[in-house]
Amino acid sequence: MLKTSLSRDKGADLAARSAMVAAASLREVADRLHTALGDVWPHTALVIFTEDCTGRPRKKAGDPAITRNVTVAEMTALRDRAVGGHWTGQAQFGGQLRHVTVLGADTGAVLVLNVPEEPADEDRVGYTRILWSVAAACIARQVAEAAPDYLQESRVVSSERLSVTAELTDRHVTDLESVLAALRTRDLDDARARAQAIDLASDALIRARSGADLVAFIAEEPVSRAFERLKSDLRPLSRYETLSIQFIEPPADGRALPGEVAHAGRAIVRSAVLLMRDQEEVTRIRVQWDCDGTNLLVSVRDDGPGRMDSGLPALRQLVARAKVLGGDLDLESVDNWGSRVEVRIPLDPPDTSEQPTASWGLAPREAEVLRLLTAGRRNRQIATQLGISENTVKFHTSQIYHKLGVTSRAAAAALATEAGLR
């Protein structure tokens, strides 16, 4: 059975599956992992949970009757059970008690599989661990790179945060109803009812505080912690080379950074440091973060020849990362004095209350297609509603991507949502 099939050219099979998962985008990674594990460890549903992906901490594949009911609270509880890296048993998953296996990763991400109750053999677990580690690394890499499309989507996709808030609201309503029921009951005397109500209220308060902490943890990252992660990322460059990196700490009590801003800041600094390091004669780089309450302010400066070219494709990518979040990036290079990259990223989304279609240069039909696309309609549904062919819809969609400066349906919808397009 499984052990026999895995023994045939096991290395090539594992490499092929790993390559398929490693090449996945953030939107595809759950489906790719679900497919790769299909005959390795049969499962009904698969959910990945990672707080690094701001706005969309859950990635799902499998039975929608299960995955659409999986809550952040459930995933948080399951994550806590995977402290040792692997846990199997009965737990709440998708609104019901189910048999699940939970696998942790070095990146802090968690994988939960709804699996059969029979014990898993060594081959099954080993294959799953390897493929999951590839998926977790794939997620961490793409978040760290902070591509413009990812940052755009992260800035405006608040559905997960709203979902968490809705979960907490439902929980608080239930708690309050329980307290009122205890106070109204005629089966208890006043003292007992009061004591029971106090216990219920105390438990509810603890859950409310932990829930609020969870929402904040998913949505924001303290500036000091974000900077510590950056220092950890860059430490290997100065450990094994002659390059010295000086870090100027941000204010410890500065405003917390939205997750997408923290990711963008780290990604821009990492890339800028690598570009500076590639120059001749660079021996020292200074990295400084500051937060004025409205913007994240980043400065990266080297002691090199001062000949960094603003036309470098890698530098243009950094400019795009800043622009997609409403910020800007400036390069100043002075011969024999070094180069300096200055970045400003607003902590809050820009005010886009005015109708955006005119500023984007969208034709009336393109605006209609974008509205329907933002509403979640697929190409066939858009074609039917507008009385045009699917090929025409695809043409309009490609024009929309070009005019909005994005490369995916999700990013276009995210940008339109942020702009208030209805």
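A short reminder: the numbers here are calculations on the coordinates, not readings from a lab. All values reported here derive from a predicted model rather than from experimental measurement. Every residue, glycine among them, receives a Cβ derived from its backbone with ideal geometry; neighbour counts consider all protein chains shown.
Shape class for the range 293-337: oblate, because the ratio a/c of the largest to smallest gyration tensor axis (alpha-carbon atoms, square roots of eigenvalues) is 1.5 or more and b/c is at least a/b.
Residues whose amide H comes within less than 5 Å of that of Arg284, counting only those at least five positions distant or on another chain, are Ser244, Asp303 (H built at 1.01 Å from N in the peptide plane). Under the classification rounded if a/c is under 1.5, otherwise prolate if a/b is larger than b/c and oblate if not, where does the range 2-144 fall, given a ≥ b ≥ c as square roots of the Cα gyration tensor eigenvalues? Cα axes put the range 2-144 in the oblate bin. By the rule of a C-alpha distance below 25 Å, with chain neighbours fewer than 8 residues away ignored, the lysines paired with Lys403 are Lys323, Lys394.
Sorting His396, His86 by the number of Cβ atoms found within 10 Å of their own Cβ, with the fewest placed first, yields His86, His396. Net charge dipole, the range 359-399: roughly 140 debye, given to the nearest 20, about the Cα centre with Cβ charges of +1 for Lys and Arg and -1 for Asp and Glu. Using the Karplus relation 6.51 cos²θ - 1.76 cosθ + 1.60 with θ = phi - 60°, the per-residue 3J(HN,Hα) values for the range 225-238 come to 5, 4, 6, 4, 5, 5, 4, 5, 5, 8, 4, x, 5, 8 Hz, with x marking Gly and Pro. Shown in residue order for the range 272-282 are the 3J(HN,Hα) couplings computed by the Karplus curve 6.51 cos²θ - 1.76 cosθ + 1.60 at θ = phi - 60°: 5, 4, 5, 5, 5, 4, 6, 6, 6, 6, 7 Hz (x for Gly and Pro). Using θ = phi - 60° in the Karplus curve 6.51 cos²θ - 1.76 cosθ + 1.60, the 3J(HN,Hα) couplings for the range 283-292 round to 10, 9, 10, 10, 10, 10, 10, 8, 9, 9 Hz; x is entered for Gly and Pro.
Mind running the shape call on the range 357-418? Use the C-alpha gyration tensor, a ≥ b ≥ c as the square roots of the eigenvalues: rounded below 1.5 for a/c, prolate if a/b tops b/c, oblate otherwise. Taking the square roots of the gyration eigenvalues as a ≥ b ≥ c, the range 357-418 is prolate.
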